[in-house]
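The values are calculated or read from the model by the stated rules, or taken from the named source; none is laboratory data. Computed from a prediction, not measured in an experiment: that's the story for all the values here. Please note: Cβ atoms are built from the backbone with ideal geometry, for glycine as well, and neighbour counts cover all protein chains shown. All accessible areas refer to the heavy atoms of the entire protein, side chains included, with ligands and DNA or RNA removed. Shrake-Rupley method; radii C 1.70, N 1.55, O 1.52, S 1.80 Å.
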Amino acid sequence: MSDQMQNAVRVHRYGGPEVLRLERVPVPKPGEGEVLVRVQAAAVLPTDWRMRQGIFQHIRPHVLPYIPGSAFAGIVESAGKCAVEFKPGDAVFGRSWNGVYAEYTTVPADRLAQKPAGLSFAAAAAIPGGAAAAWTALPAFGGVEAGMKVLVHGAAGGVGMFAVQLARRMGAKVVGTCSASNVDFVRSLGAEQVIDYMSAAFEQELSGVDLVLDTVGGRVQERSLTVLKPGGALVSLVGLPFAELAEEMGVRTRFNSQLADPDIMQDIAELLADGSLQACTSRSFPLAEARQAHELGESGHGRGRIILYPAEGQDRENFVPNRQNMVQ
Ligand SMILES: NC(=O)c1ccc[n+]([C@@H]2O[C@H](COP(=O)([O-])OP(=O)(O)OC[C@H]3O[C@@H](n4cnc5c(N)ncnc54)[C@H](OP(=O)(O)O)[C@@H]3O)[C@@H](O)[C@H]2O)c1
């Protein structure tokens with residue numbers, strides 16, 4: 001019997017956004033402990049375009065050609081015989097290292113979470129690598145306590161938009177940095193103070209910060225050390241080139257790359273479903289425009305999470321922007 005075919009984006013060689021090609025490839029078959037998922041929404045993460053550039057090929061090498069993407073939400077099509085907790089028709093989300101810029105992906109059952117009914121597929125796809133990263137990074141130094149001053153860099157981004165809301169929920173006074181067009185958006189997420197990093201130097205406006213969440217790195221990280229109070233802490237999602245300097249200055253630093261377990265992602269999904277958290281996923285592209293989605297992501301500026309949806313004419317009803325993905 002011939003293989004069932006699907007549309008998928010593939011990378012045949014590392015390079016610029018032009019190497020993303022929409023092709024017809026076989027639908028993958030789930031292993032015994034895996035689930036086959038019909039993808040409804042795939043998140044475009046910064047790590048996707050860095051992998052496409054070949055930056056991570058020594059850490060996470062791909063067999064070329066490969067299908068990019070890892071964060072997704074979709075509907076279970078079939079389950080391997082050991083993946084008994086999922087059945088066809090279940091709405092799920094999670095992270096698959098088998099590539100999700102496709103109509104179908106396979107994923108180990110223990111990496112999947114159930115999508116609550118009140119949550120759009122797009123908002124669910126924004127959890128892995130977005131809300132989940134903020135959730136694991138903020139408590140890296142023992143938790144955020146009421147009254148703490150927390151600085152979130154990149155506060156309008158796919159991680160930052162959740163970090164602002166989560167720190168606020170924990171009772172922190174949140175300061176966010178973003179560009180001018182995102183100031184109102186970041187304020188709407190609960191930031192008490194928002195600094196447009198293009199028109200003001202944040203270190204001249206701030207001091208006595210308890211915790212910095214660094215999603216930008218480089219000089220922004222170095223400058224952030226100066227706004228921390230003695231004993232304050234910086235958690236970076238991008239690297240720690242200034243760890244020695246931080247030690248000399250008497251502040252703590254940590255790199256966080258912890259992946260969230262499905263039960264944590266499930267908790268986050270419930271908060272999104274009941275409106276306690278908001279997700280902005282208003283920039284979406286069909287699979288055929290993965291190149292444009294990557295170009296937008298690589299610009300380094302934007303709001304919320306970029307989403308790819310698998311095919312025109314697919315069940316778009318579940319994707320239509322709703323309260324969760326239309327925060328402006
Ligand atoms: N270690 C981990 O486990 C982990 C997990 C998730 C993400 N990350 C990394 O964390 C970084 C952020 O991820 P993301 O998904 O949030 O990216 P994103 O969605 O692309 O957002 C990036 C944001 O950074 C803002 N920005 C750019 N330059 C800035 C500056 N100088 N100061 C303040 N904000 C600035 C942009 O805001 P404007 O449009 O307002 O300029 C944009 O909203 C990426 O490098 C990603 O790879 C790491």
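Result for the chain in a Gaussian network model with C-alpha springs under 10 Å: among 121, 185, 141, the largest mean-square fluctuation is at 141.
For residue 149, the residues 5 or more places off, or on other chains, whose built amide H falls under 5 Å of its own are 173, 210, 211. Here the Karplus relation 6.51 cos²θ - 1.76 cosθ + 1.60, evaluated at θ = phi - 60°, turns the backbone of region 3-11 into coupling constants of 5, 6, 9, 9, 8, 8, 8, 10, 10 Hz, with x for every Gly and Pro. Within the listed set 249, 161, 148, the residue fluctuating most in the Gaussian network model of the chain (springs between alpha-carbon atoms under 10 angstrom) is 249. For region 191-202, the Karplus equation 6.51 cos²θ - 1.76 cosθ + 1.60, evaluated at θ = phi - 60°, returns couplings of 6, 6, 9, 10, 10, 6, 5, 7, 10, 9, 8, 4 Hz by residue, with Gly and Pro reported as x. Counting Lys and Arg as +1 and Asp and Glu as -1 over every other residue whose Cβ lies under 13 Å from the Cβ of residue 52, the net charge comes to +2.
Across the chain, Cα pairs under 8 Å and at least six residues apart give a relative contact order of 19 percent.
Surface composition of the chain: carbon and sulfur make up 50 percent of the accessible area, probe 1.4 Å.
The slack between residue 222 and residue 84, meaning 0.36 nm per residue of separation minus the straight C-alpha distance, is 44.8 nm.
Annotation: per residue accessible area for the chain equals 42 Å², rounded to a whole number [probe 1.4 Å, protein chains only]. Ordered from largest to smallest accessible area (heavy atoms of protein chains, 1.4 Å probe), the residues 97, 135, 49 come out as 97, 135, 49. Go ahead and run the numbers for FRET between residue 13 and residue 259, Cβ-Cβ distance against an R0 of 41 Å, rounding to 0.05. Computed FRET efficiency for residue 13 and residue 259: 0.90. Given the chain, what count of lysine pairs have C-alpha atoms under 26 Å apart, with each pair 8 or more places apart or on different chains? Counting lysine pairs in the chain gives 8.
Local charge for residue 5 was computed over the other residues whose Cβ lies under 12 Å away, with Lys and Arg +1 and Asp and Glu -1, and equals -2. Among 19, 39, 107, the largest mean-square fluctuation in a Gaussian network model of the chain, built with springs joining Cα atoms closer than 10 Å, belongs to 19.
Considering only the other residues whose Cβ falls under 12 Å of the Cβ of residue 268, what net charge follows from Lys and Arg at +1 and Asp and Glu at -1? Charge balance near residue 268 sits at -3. Our helix-only sum for the chain, with -39,500 (n - 2.57) per DSSP H run of n ≥ 4 divided by its residues, gives a mean residue ellipticity at 222 nm of -6000 deg cm²/dmol. For the chain, hydrophobic long helices are taken as DSSP H runs at least 15 Å long by C-alpha position along their axis with mean Kyte-Doolittle hydropathy of -0.5 or more; these are 262-273.
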